[in-house]
1. At most 15 other Cβ atoms within 10 Å and a DSSP loop assignment: could you name the GluC sites (Glu not before Pro) in region 90-145 that fit?
2. Give me a comma-separated list of calculated 3J(HN,Hα) values for region 283-299, in order, Karplus coefficients 6.51, -1.76, 1.60 applied at θ = phi - 60°, integers in Hz, x for any Gly or Pro.
3. Place +1 on the Cβ of every Lys and Arg and -1 on the Cβ of every Asp and Glu in the chain, take the dipole about the Cα centre, and give the residue among 61, 380, 300 whose Cα lies farthest towards its positive end.
4. Where the centroid of each part is defined by its Cα atoms, how far is region 114-136 from region 223-280 in Å?
5. To the nearest 0.05, how large is the calculated FRET efficiency for residue 302 and residue 389 if R₀ is 25 Å and r is the Cβ-Cβ distance?
6. For the chain, list log₁₀ I(q)/I(0) at each q in 0.05, 0.07, 0.10, 0.11 Å⁻¹, using the Debye formula over Cα point scatterers of equal strength and ignoring solvent, two decimals each.
7. Per-residue HN-Hα couplings for region 235-248, Karplus 6.51 cos²θ - 1.76 cosθ + 1.60 at θ = phi - 60°, whole Hz, x for Gly and Pro?
8. Let me know the charge dipole size of region 98-195 about its Cα centre in debye, to the nearest 20, where only the beta-carbon of Lys, Arg (+1) and Asp, Glu (-1) is charged.
Amino acid sequence: MHSNHLLLEEPIRMASILEPSKPNFFPAMTKIVGTLGPKSRSIETISACLKAGMSVARFDFSWGDSDYHQETLENLKAAIKATKKLCAVMLDTVGAELQVVNKNETTISLKEDAIVTLTPHQGQEASDEVLPINFDGLAKAVKKGDTIFVGQYLFTGSETTSVWLEVDQVKGDDVICVVKNSATLAGSLFTLHASQVHIDMPTLTEKDKEVISTWGVQNKIDFISLSYTRHAEDVREAREFLSKLGDLSQTQILAKIENVEGLTHFDEILKEADGIILSRGNLGIDLPPEKVFLFQKAAVHKCNMAGKPAVVTRVVDSMTDNLRPTRAEATDVANAVLDGTDAILLGAETLRGLYPVETISTVGKICAEAGKVFNQDLYFKKTVKFVGEPMTHLEAIASSAVRAAIKVKASVIICFTSSGRAARLIAKYRPTMPVLSVVIPRLKTNQLKWSFSGAFEARQSLIVRGLFPMLADPRHPAESTNASNESVLKVALDHG
(Lines give C-alpha, C1' and ligand atoms only; values in the text may rest on other atoms or scores of the structure.)
Protein backbone atom coordinates (compact mmCIF):
# COMPACT_ATOMS: atom_id res chain seq x y z
CA MET A 1 0.00 0.00 0.00
CA HIS A 2 0.98 3.61 -0.41
CA SER A 3 2.77 5.12 2.57
CA ASN A 4 -0.08 7.57 3.13
CA HIS A 5 -2.70 4.87 2.73
CA LEU A 6 -3.91 2.91 5.68
CA LEU A 7 -6.78 0.52 6.10
CA LEU A 8 -9.70 0.75 8.46
CA GLU A 9 -8.68 -2.73 9.60
CA GLU A 10 -5.30 -1.41 10.77
CA PRO A 11 -5.02 0.09 14.25
CA ILE A 12 -5.43 3.85 13.87
CA ARG A 13 -3.72 6.11 16.36
CA MET A 14 -6.60 8.34 17.51
CA ALA A 15 -4.36 11.43 17.66
CA SER A 16 -3.49 10.95 13.97
CA ILE A 17 -7.15 11.58 13.06
CA LEU A 18 -6.68 15.19 14.18
CA GLU A 19 -3.59 15.74 12.02
CA PRO A 20 -4.38 18.03 9.06
CA SER A 21 -4.62 16.29 5.67
CA LYS A 22 -1.73 16.84 3.25
CA PRO A 23 -2.73 18.89 0.18
CA ASN A 24 -2.80 16.91 -3.08
CA PHE A 25 -2.76 18.04 -6.71
CA PHE A 26 -5.74 15.73 -7.32
CA PRO A 27 -7.92 16.47 -4.27
CA ALA A 28 -9.93 13.21 -4.46
CA MET A 29 -10.01 10.12 -6.66
CA THR A 30 -13.83 10.05 -6.45
CA LYS A 31 -15.42 12.44 -8.94
CA ILE A 32 -18.12 15.04 -8.27
CA VAL A 33 -21.05 15.82 -10.58
CA GLY A 34 -22.59 19.23 -9.88
CA THR A 35 -26.04 20.31 -11.12
CA LEU A 36 -25.95 23.88 -12.44
CA GLY A 37 -28.94 26.14 -11.82
CA PRO A 38 -30.15 29.41 -10.28
CA LYS A 39 -27.55 29.45 -7.48
CA SER A 40 -24.63 28.13 -9.54
CA ARG A 41 -24.73 29.55 -13.04
CA SER A 42 -22.54 32.66 -12.94
CA ILE A 43 -19.01 32.41 -14.38
CA GLU A 44 -17.54 33.21 -10.94
CA THR A 45 -19.52 30.50 -9.13
CA ILE A 46 -18.88 27.86 -11.83
CA SER A 47 -15.15 28.70 -11.78
CA ALA A 48 -15.14 28.25 -8.00
CA CYS A 49 -17.04 24.92 -8.38
CA LEU A 50 -14.42 23.67 -10.89
CA LYS A 51 -11.57 24.67 -8.57
CA ALA A 52 -13.37 22.98 -5.64
CA GLY A 53 -13.44 19.66 -7.54
CA MET A 54 -16.47 19.47 -9.88
CA SER A 55 -15.56 17.48 -13.00
CA VAL A 56 -18.99 16.93 -14.60
CA ALA A 57 -21.71 19.60 -14.96
CA ARG A 58 -25.28 18.30 -15.01
CA PHE A 59 -28.11 20.13 -16.79
CA ASP A 60 -31.51 19.05 -15.48
CA PHE A 61 -34.25 19.56 -18.09
CA SER A 62 -37.08 18.88 -15.59
CA TRP A 63 -37.21 22.68 -15.35
CA GLY A 64 -35.83 25.64 -17.31
CA ASP A 65 -35.86 25.90 -21.12
CA SER A 66 -33.05 25.35 -23.63
CA ASP A 67 -32.17 29.07 -23.77
CA TYR A 68 -31.72 29.19 -19.99
CA HIS A 69 -29.47 26.12 -20.02
CA GLN A 70 -27.55 27.42 -23.06
CA GLU A 71 -26.70 30.61 -21.17
CA THR A 72 -25.46 28.52 -18.24
CA LEU A 73 -23.40 26.34 -20.59
CA GLU A 74 -21.74 29.38 -22.19
CA ASN A 75 -20.77 30.49 -18.67
CA LEU A 76 -19.38 26.99 -18.01
CA LYS A 77 -17.22 27.21 -21.18
CA ALA A 78 -15.89 30.61 -20.05
CA ALA A 79 -15.14 29.19 -16.57
CA ILE A 80 -13.30 26.17 -18.10
CA LYS A 81 -11.17 28.58 -20.14
CA ALA A 82 -10.43 30.77 -17.12
CA THR A 83 -9.58 27.92 -14.70
CA LYS A 84 -8.00 25.56 -17.30
CA LYS A 85 -9.99 22.71 -15.68
CA LEU A 86 -11.64 20.17 -17.98
CA CYS A 87 -15.35 19.52 -17.35
CA ALA A 88 -17.82 17.14 -19.02
CA VAL A 89 -21.48 17.95 -19.76
CA MET A 90 -24.39 15.72 -18.70
CA LEU A 91 -27.95 16.18 -19.96
CA ASP A 92 -30.56 14.82 -17.56
CA THR A 93 -33.80 13.84 -19.32
CA VAL A 94 -37.24 14.29 -17.78
CA GLY A 95 -38.48 10.80 -18.70
CA ALA A 96 -41.53 9.27 -17.06
CA GLU A 97 -41.70 11.91 -14.33
CA LEU A 98 -45.09 12.64 -12.82
CA GLN A 99 -45.61 16.30 -12.00
CA VAL A 100 -48.22 18.39 -10.22
CA VAL A 101 -48.94 21.46 -12.33
CA ASN A 102 -49.26 24.66 -10.28
CA LYS A 103 -49.40 27.40 -12.95
CA ASN A 104 -50.13 30.27 -10.56
CA GLU A 105 -47.51 29.11 -8.03
CA THR A 106 -50.08 29.22 -5.22
CA THR A 107 -48.72 28.03 -1.87
CA ILE A 108 -50.73 24.95 -0.91
CA SER A 109 -51.23 23.91 2.72
CA LEU A 110 -52.37 20.34 3.24
CA LYS A 111 -53.66 19.15 6.61
CA GLU A 112 -53.36 15.63 8.02
CA ASP A 113 -56.47 13.44 7.41
CA ALA A 114 -57.85 15.91 4.82
CA ILE A 115 -58.99 14.68 1.39
CA VAL A 116 -57.23 15.81 -1.81
CA THR A 117 -58.03 14.83 -5.42
CA LEU A 118 -55.35 14.19 -8.08
CA THR A 119 -56.82 14.97 -11.51
CA PRO A 120 -55.45 14.87 -15.08
CA HIS A 121 -57.54 17.96 -15.96
CA GLN A 122 -54.74 20.52 -16.06
CA GLY A 123 -57.10 23.45 -16.63
CA GLN A 124 -58.05 23.33 -12.96
CA GLU A 125 -56.39 25.53 -10.35
CA ALA A 126 -54.06 23.77 -7.89
CA SER A 127 -55.44 24.04 -4.34
CA ASP A 128 -55.58 22.16 -1.04
CA GLU A 129 -58.51 20.17 -2.51
CA VAL A 130 -57.35 19.51 -6.09
CA LEU A 131 -53.87 18.86 -7.53
CA PRO A 132 -53.79 18.76 -11.39
CA ILE A 133 -51.16 16.32 -12.75
CA ASN A 134 -49.42 15.80 -16.15
CA PHE A 135 -50.52 12.15 -16.64
CA ASP A 136 -54.01 10.84 -17.45
CA GLY A 137 -53.32 7.18 -16.67
CA LEU A 138 -52.82 7.43 -12.89
CA ALA A 139 -56.38 6.25 -12.11
CA LYS A 140 -55.73 3.03 -14.09
CA ALA A 141 -52.33 2.46 -12.41
CA VAL A 142 -53.17 2.80 -8.70
CA LYS A 143 -55.58 1.07 -6.30
CA LYS A 144 -56.93 1.73 -2.81
CA GLY A 145 -54.16 1.66 -0.18
CA ASP A 146 -51.32 2.64 -2.56
CA THR A 147 -48.86 5.32 -1.42
CA ILE A 148 -48.22 8.50 -3.41
CA PHE A 149 -45.53 11.00 -2.47
CA VAL A 150 -45.55 14.68 -3.52
CA GLY A 151 -42.60 17.03 -2.98
CA GLN A 152 -40.92 20.10 -4.47
CA TYR A 153 -38.02 19.53 -6.87
CA LEU A 154 -36.46 16.31 -5.68
CA PHE A 155 -37.72 14.53 -2.61
CA THR A 156 -35.85 15.94 0.33
CA GLY A 157 -37.84 13.72 2.68
CA SER A 158 -38.56 16.82 4.77
CA GLU A 159 -41.99 16.22 6.20
CA THR A 160 -42.94 19.91 6.26
CA THR A 161 -42.34 20.54 2.53
CA SER A 162 -43.48 17.19 1.12
CA VAL A 163 -46.54 15.07 1.67
CA TRP A 164 -47.50 11.38 1.81
CA LEU A 165 -50.89 10.52 0.34
CA GLU A 166 -52.81 7.25 0.62
CA VAL A 167 -55.18 6.32 -2.22
CA ASP A 168 -58.72 6.14 -0.82
CA GLN A 169 -60.69 5.62 -4.03
CA VAL A 170 -60.52 5.94 -7.82
CA LYS A 171 -63.36 7.93 -9.45
CA GLY A 172 -63.20 8.01 -13.27
CA ASP A 173 -59.87 9.70 -14.15
CA ASP A 174 -59.51 11.15 -10.64
CA VAL A 175 -57.63 9.63 -7.72
CA ILE A 176 -58.98 10.61 -4.28
CA CYS A 177 -56.40 10.47 -1.49
CA VAL A 178 -56.12 10.94 2.26
CA VAL A 179 -53.32 13.30 3.42
CA LYS A 180 -51.05 11.45 5.88
CA ASN A 181 -49.02 14.44 7.18
CA SER A 182 -49.51 18.21 7.33
CA ALA A 183 -47.23 20.03 4.87
CA THR A 184 -46.86 23.22 2.82
CA LEU A 185 -46.09 22.92 -0.90
CA ALA A 186 -44.59 26.08 -2.46
CA GLY A 187 -43.41 26.79 -6.03
CA SER A 188 -44.55 26.02 -9.57
CA LEU A 189 -43.50 22.39 -9.83
CA PHE A 190 -43.91 19.43 -7.49
CA THR A 191 -42.83 15.93 -8.42
CA LEU A 192 -45.17 13.06 -7.73
CA HIS A 193 -44.07 9.48 -7.11
CA ALA A 194 -46.43 6.51 -6.85
CA SER A 195 -44.62 3.86 -4.80
CA GLN A 196 -44.05 0.54 -6.62
CA VAL A 197 -46.58 1.39 -9.33
CA HIS A 198 -45.88 0.94 -13.07
CA ILE A 199 -46.34 4.25 -14.91
CA ASP A 200 -47.14 3.78 -18.59
CA MET A 201 -45.06 6.67 -19.95
CA PRO A 202 -42.11 6.42 -22.37
CA THR A 203 -38.61 6.59 -20.85
CA LEU A 204 -37.49 8.95 -23.63
CA THR A 205 -40.40 11.36 -24.19
CA GLU A 206 -40.97 13.47 -27.31
CA LYS A 207 -39.86 16.53 -25.33
CA ASP A 208 -36.62 14.72 -24.35
CA LYS A 209 -35.95 13.78 -27.99
CA GLU A 210 -36.47 17.37 -29.10
CA VAL A 211 -34.05 18.69 -26.44
CA ILE A 212 -31.40 16.07 -27.30
CA SER A 213 -31.64 16.61 -31.08
CA THR A 214 -31.38 20.42 -30.72
CA TRP A 215 -29.57 21.49 -27.53
CA GLY A 216 -27.70 18.18 -27.18
CA VAL A 217 -26.42 18.07 -30.78
CA GLN A 218 -25.47 21.76 -30.77
CA ASN A 219 -23.36 21.28 -27.63
CA LYS A 220 -21.95 17.78 -28.33
CA ILE A 221 -22.92 16.53 -24.87
CA ASP A 222 -20.76 13.84 -23.25
CA PHE A 223 -23.37 12.01 -21.16
CA ILE A 224 -27.10 11.46 -21.14
CA SER A 225 -28.60 10.61 -17.78
CA LEU A 226 -31.59 8.47 -18.80
CA SER A 227 -34.19 9.14 -16.11
CA TYR A 228 -36.53 6.33 -14.99
CA THR A 229 -34.68 3.55 -16.84
CA ARG A 230 -36.82 0.47 -16.24
CA HIS A 231 -35.64 -2.04 -18.88
CA ALA A 232 -32.56 -2.73 -21.03
CA GLU A 233 -34.79 -1.89 -24.01
CA ASP A 234 -34.98 1.73 -22.77
CA VAL A 235 -31.19 2.03 -23.13
CA ARG A 236 -31.19 0.32 -26.55
CA GLU A 237 -33.87 2.73 -27.84
CA ALA A 238 -31.93 5.74 -26.55
CA ARG A 239 -28.72 4.40 -28.16
CA GLU A 240 -30.47 3.93 -31.49
CA PHE A 241 -31.86 7.48 -31.29
CA LEU A 242 -28.38 8.93 -30.53
CA SER A 243 -26.73 6.92 -33.33
CA LYS A 244 -28.63 9.00 -35.91
CA LEU A 245 -27.47 12.32 -34.45
CA GLY A 246 -23.93 12.69 -35.84
CA ASP A 247 -21.42 13.35 -33.03
CA LEU A 248 -23.88 12.15 -30.38
CA SER A 249 -23.25 8.55 -31.46
CA GLN A 250 -20.23 8.90 -29.10
CA THR A 251 -22.36 10.18 -26.17
CA GLN A 252 -22.43 7.77 -23.23
CA ILE A 253 -25.73 6.69 -21.66
CA LEU A 254 -25.92 6.51 -17.87
CA ALA A 255 -29.03 4.60 -16.83
CA LYS A 256 -30.73 6.23 -13.86
CA ILE A 257 -32.29 3.61 -11.60
CA GLU A 258 -35.17 5.26 -9.75
CA ASN A 259 -37.69 2.55 -8.89
CA VAL A 260 -38.31 -1.12 -8.19
CA GLU A 261 -38.83 -1.84 -11.91
CA GLY A 262 -35.30 -0.64 -12.70
CA LEU A 263 -33.95 -2.57 -9.73
CA THR A 264 -35.62 -5.80 -10.92
CA HIS A 265 -34.02 -5.53 -14.37
CA PHE A 266 -30.70 -4.15 -13.08
CA ASP A 267 -28.40 -6.82 -14.57
CA GLU A 268 -29.74 -6.45 -18.12
CA ILE A 269 -29.69 -2.65 -17.86
CA LEU A 270 -26.05 -2.70 -16.67
CA LYS A 271 -25.03 -4.79 -19.73
CA GLU A 272 -26.51 -2.18 -22.11
CA ALA A 273 -25.64 1.08 -20.34
CA ASP A 274 -22.25 2.84 -20.14
CA GLY A 275 -22.76 3.46 -16.43
CA ILE A 276 -25.40 3.61 -13.68
CA ILE A 277 -26.80 6.45 -11.56
CA LEU A 278 -28.42 5.25 -8.32
CA SER A 279 -31.15 7.84 -7.82
CA ARG A 280 -31.67 7.34 -4.11
CA GLY A 281 -34.29 10.11 -3.89
CA ASN A 282 -36.98 8.10 -5.66
CA LEU A 283 -35.56 4.72 -4.69
CA GLY A 284 -35.82 5.71 -1.04
CA ILE A 285 -39.57 6.02 -1.55
CA ASP A 286 -40.02 2.88 -3.64
CA LEU A 287 -37.96 0.72 -1.26
CA PRO A 288 -38.44 0.27 2.47
CA PRO A 289 -35.77 2.45 4.22
CA GLU A 290 -33.98 -0.60 5.63
CA LYS A 291 -33.41 -1.99 2.11
CA VAL A 292 -31.83 1.10 0.47
CA PHE A 293 -28.27 0.38 1.67
CA LEU A 294 -28.47 -3.22 0.43
CA PHE A 295 -29.37 -2.10 -3.07
CA GLN A 296 -26.59 0.52 -3.07
CA LYS A 297 -23.90 -1.98 -2.03
CA ALA A 298 -25.05 -4.68 -4.46
CA ALA A 299 -25.46 -2.27 -7.40
CA VAL A 300 -22.10 -0.51 -6.88
CA HIS A 301 -20.32 -3.89 -6.61
CA LYS A 302 -21.89 -5.07 -9.89
CA CYS A 303 -20.83 -1.83 -11.64
CA ASN A 304 -17.29 -2.16 -10.26
CA MET A 305 -16.93 -5.72 -11.53
CA ALA A 306 -18.28 -4.69 -14.95
CA GLY A 307 -15.80 -1.77 -15.03
CA LYS A 308 -18.62 0.74 -15.53
CA PRO A 309 -19.01 3.96 -13.51
CA ALA A 310 -21.42 3.93 -10.55
CA VAL A 311 -22.80 7.31 -9.47
CA VAL A 312 -24.62 7.84 -6.16
CA THR A 313 -27.06 10.72 -5.55
CA ARG A 314 -28.69 12.42 -2.55
CA VAL A 315 -25.81 12.41 -0.09
CA VAL A 316 -25.77 15.83 1.61
CA ASP A 317 -29.36 17.13 1.31
CA SER A 318 -29.05 19.29 4.42
CA MET A 319 -26.28 21.34 2.75
CA THR A 320 -28.98 22.86 0.52
CA ASP A 321 -29.59 25.25 3.45
CA ASN A 322 -26.64 24.62 5.79
CA LEU A 323 -22.90 25.14 5.62
CA ARG A 324 -22.10 21.75 7.16
CA PRO A 325 -23.52 18.30 6.46
CA THR A 326 -25.06 16.22 9.26
CA ARG A 327 -22.88 13.53 10.86
CA ALA A 328 -24.97 10.86 9.13
CA GLU A 329 -24.48 12.51 5.72
CA ALA A 330 -20.70 12.84 6.15
CA THR A 331 -20.56 9.13 7.02
CA ASP A 332 -22.85 8.31 4.08
CA VAL A 333 -20.46 10.00 1.60
CA ALA A 334 -17.49 8.09 3.05
CA ASN A 335 -19.39 4.79 2.95
CA ALA A 336 -20.29 5.38 -0.72
CA VAL A 337 -16.55 5.77 -1.45
CA LEU A 338 -15.70 2.63 0.57
CA ASP A 339 -18.42 0.75 -1.37
CA GLY A 340 -16.54 1.59 -4.60
CA THR A 341 -18.59 4.50 -6.01
CA ASP A 342 -16.98 6.35 -8.94
CA ALA A 343 -18.77 9.66 -8.51
CA ILE A 344 -21.07 11.56 -6.18
CA LEU A 345 -23.89 13.49 -7.83
CA LEU A 346 -25.08 16.71 -6.18
CA GLY A 347 -28.56 17.88 -7.18
CA ALA A 348 -30.53 20.42 -5.14
CA GLU A 349 -27.37 21.12 -3.08
CA THR A 350 -25.72 22.93 -6.01
CA LEU A 351 -28.78 23.70 -8.17
CA ARG A 352 -30.65 25.88 -5.67
CA GLY A 353 -28.58 25.38 -2.51
CA LEU A 354 -27.11 28.37 -0.69
CA TYR A 355 -23.56 26.93 -0.60
CA PRO A 356 -22.76 25.19 -3.93
CA VAL A 357 -18.97 25.72 -3.76
CA GLU A 358 -18.67 24.76 -0.09
CA THR A 359 -20.77 21.63 -0.73
CA ILE A 360 -18.44 20.45 -3.53
CA SER A 361 -15.39 21.22 -1.41
CA THR A 362 -16.75 19.42 1.68
CA VAL A 363 -17.83 16.32 -0.27
CA GLY A 364 -14.41 16.28 -2.00
CA LYS A 365 -12.58 16.36 1.34
CA ILE A 366 -14.69 13.51 2.74
CA CYS A 367 -14.07 11.48 -0.45
CA ALA A 368 -10.30 12.09 -0.17
CA GLU A 369 -10.21 10.92 3.47
CA ALA A 370 -12.31 7.83 2.69
CA GLY A 371 -10.05 7.05 -0.27
CA LYS A 372 -7.08 6.75 2.11
CA VAL A 373 -8.72 3.88 3.99
CA PHE A 374 -10.22 2.13 0.95
CA ASN A 375 -9.12 -1.53 1.09
CA GLN A 376 -7.50 -1.63 -2.33
CA ASP A 377 -5.81 -4.98 -1.72
CA LEU A 378 -9.08 -6.78 -1.00
CA TYR A 379 -10.80 -5.00 -3.90
CA PHE A 380 -7.98 -5.96 -6.32
CA LYS A 381 -8.18 -9.65 -5.35
CA LYS A 382 -11.98 -9.65 -5.74
CA THR A 383 -11.77 -8.05 -9.20
CA VAL A 384 -9.08 -10.45 -10.45
CA LYS A 385 -11.11 -13.41 -9.13
CA PHE A 386 -14.30 -12.09 -10.79
CA VAL A 387 -12.58 -11.62 -14.19
CA GLY A 388 -11.23 -15.19 -13.94
CA GLU A 389 -8.89 -16.95 -16.34
CA PRO A 390 -7.92 -16.87 -19.12
CA MET A 391 -7.89 -13.04 -19.06
CA THR A 392 -7.92 -10.97 -22.23
CA HIS A 393 -4.54 -9.42 -23.09
CA LEU A 394 -5.79 -5.93 -22.25
CA GLU A 395 -7.24 -7.06 -18.90
CA ALA A 396 -3.95 -8.83 -18.04
CA ILE A 397 -1.88 -5.73 -18.90
CA ALA A 398 -4.21 -3.44 -16.88
CA SER A 399 -4.21 -5.61 -13.74
CA SER A 400 -0.42 -6.18 -13.96
CA ALA A 401 0.22 -2.45 -14.36
CA VAL A 402 -1.78 -1.71 -11.19
CA ARG A 403 -0.05 -4.48 -9.22
CA ALA A 404 3.40 -3.26 -10.34
CA ALA A 405 2.59 0.42 -9.60
CA ILE A 406 1.52 -0.46 -6.04
CA LYS A 407 4.59 -2.66 -5.43
CA VAL A 408 7.04 0.07 -6.52
CA LYS A 409 4.99 2.79 -4.74
CA ALA A 410 4.59 4.76 -7.98
CA SER A 411 3.14 8.27 -7.74
CA VAL A 412 1.11 8.05 -10.93
CA ILE A 413 0.23 5.61 -13.74
CA ILE A 414 0.42 7.13 -17.25
CA CYS A 415 -1.67 5.46 -19.92
CA PHE A 416 -1.79 6.32 -23.63
CA THR A 417 -5.21 5.66 -25.13
CA SER A 418 -7.30 6.68 -28.12
CA SER A 419 -10.66 5.13 -27.22
CA GLY A 420 -10.23 5.51 -23.44
CA ARG A 421 -10.85 1.77 -22.95
CA ALA A 422 -7.35 0.90 -21.69
CA ALA A 423 -7.40 3.75 -19.14
CA ARG A 424 -10.86 2.70 -17.87
CA LEU A 425 -9.63 -0.88 -17.47
CA ILE A 426 -6.68 0.28 -15.36
CA ALA A 427 -9.03 2.41 -13.23
CA LYS A 428 -11.30 -0.64 -12.81
CA TYR A 429 -8.58 -2.24 -10.62
CA ARG A 430 -8.68 0.88 -8.39
CA PRO A 431 -4.96 1.72 -8.08
CA THR A 432 -4.04 3.81 -5.02
CA MET A 433 -2.42 6.44 -7.26
CA PRO A 434 -4.04 8.62 -9.97
CA VAL A 435 -4.18 7.29 -13.54
CA LEU A 436 -3.16 9.97 -16.02
CA SER A 437 -4.99 9.10 -19.21
CA VAL A 438 -3.25 10.70 -22.20
CA VAL A 439 -5.81 10.64 -25.01
CA ILE A 440 -4.11 10.54 -28.42
CA PRO A 441 -6.45 12.19 -30.97
CA ARG A 442 -7.31 10.16 -34.06
CA LEU A 443 -7.63 11.75 -37.48
CA LYS A 444 -10.82 10.72 -39.27
CA THR A 445 -12.68 11.77 -42.41
CA ASN A 446 -16.24 11.61 -43.74
CA GLN A 447 -15.00 12.13 -47.36
CA LEU A 448 -15.79 15.87 -47.10
CA LYS A 449 -13.50 17.03 -44.30
CA TRP A 450 -10.89 15.76 -41.85
CA SER A 451 -11.45 16.01 -38.10
CA PHE A 452 -9.73 14.93 -34.89
CA SER A 453 -11.51 12.72 -32.36
CA GLY A 454 -10.45 12.49 -28.73
CA ALA A 455 -12.22 15.29 -26.88
CA PHE A 456 -15.23 13.04 -26.10
CA GLU A 457 -12.99 10.24 -24.81
CA ALA A 458 -11.01 12.63 -22.61
CA ARG A 459 -14.08 14.26 -21.06
CA GLN A 460 -15.92 10.96 -20.55
CA SER A 461 -13.19 9.70 -18.23
CA LEU A 462 -14.03 12.59 -15.88
CA ILE A 463 -16.73 10.43 -14.27
CA VAL A 464 -14.43 7.42 -13.60
CA ARG A 465 -12.79 7.14 -10.19
CA GLY A 466 -9.06 7.86 -10.20
CA LEU A 467 -8.89 8.69 -13.92
CA PHE A 468 -7.53 12.12 -14.89
CA PRO A 469 -7.45 12.88 -18.62
CA MET A 470 -5.29 15.15 -20.74
CA LEU A 471 -5.68 15.56 -24.49
CA ALA A 472 -2.37 15.13 -26.33
CA ASP A 473 -1.27 17.44 -29.13
CA PRO A 474 -1.65 15.36 -32.33
CA ARG A 475 1.63 16.86 -33.62
CA HIS A 476 3.66 15.29 -30.79
CA PRO A 477 5.05 11.78 -31.34
CA ALA A 478 4.62 9.25 -28.49
CA GLU A 479 8.39 9.20 -27.96
CA SER A 480 11.07 11.38 -29.47
CA THR A 481 14.79 11.12 -30.11
CA ASN A 482 14.82 14.50 -31.81
CA ALA A 483 15.72 17.22 -29.28
CA SER A 484 13.54 19.85 -30.98
CA ASN A 485 10.42 17.70 -30.92
CA GLU A 486 8.81 17.29 -27.49
CA SER A 487 7.26 13.84 -26.96
CA VAL A 488 3.78 13.19 -25.57
CA LEU A 489 5.42 11.14 -22.81
CA LYS A 490 7.52 14.12 -21.69
CA VAL A 491 4.43 16.38 -21.69
CA ALA A 492 2.56 13.78 -19.62
CA LEU A 493 5.47 13.38 -17.16
CA ASP A 494 5.78 17.14 -16.75
CA HIS A 495 2.02 17.34 -16.09
CA GLY A 496 2.19 14.37 -13.70
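1. Details: sites: 97, 105, 112, 125, 129; in loops: 97, 105, 112, 125, 129.
Filter output for region 90-145: 105, 112, 125, 129.
2. Values per residue, Gly and Pro as x: 4, x, 9, 6, 9, x, x, 6, 9, 4, 5, 5, 5, 4, 5, 5, 5 Hz.
3. Value computed over the given set: 380.
4. 32
5. Details: r = 21 Å, r/R0 = 0.83.
So, using R0 = 25 Å, E works out to roughly 0.75.
6. -0.20, -0.39, -0.79, -0.95
7. 5, 4, 4, 5, 5, 5, 4, 5, 4, 8, 10, x, 4, 6
8. That gives region 98-195 a dipole magnitude of about 200 debye.
The values are calculated or read from the model by the stated rules, or taken from the named source; none is laboratory data. Everything quoted here is computed from the prediction, not taken from an experiment. Neighbour counts run over all protein chains shown; Cβ positions are idealised from the backbone, glycine included. Only protein heavy atoms, including side chains, enter the accessible area calculation; ligands, DNA and RNA are left aside. Shrake-Rupley method; radii C 1.70, N 1.55, O 1.52, S 1.80 Å.
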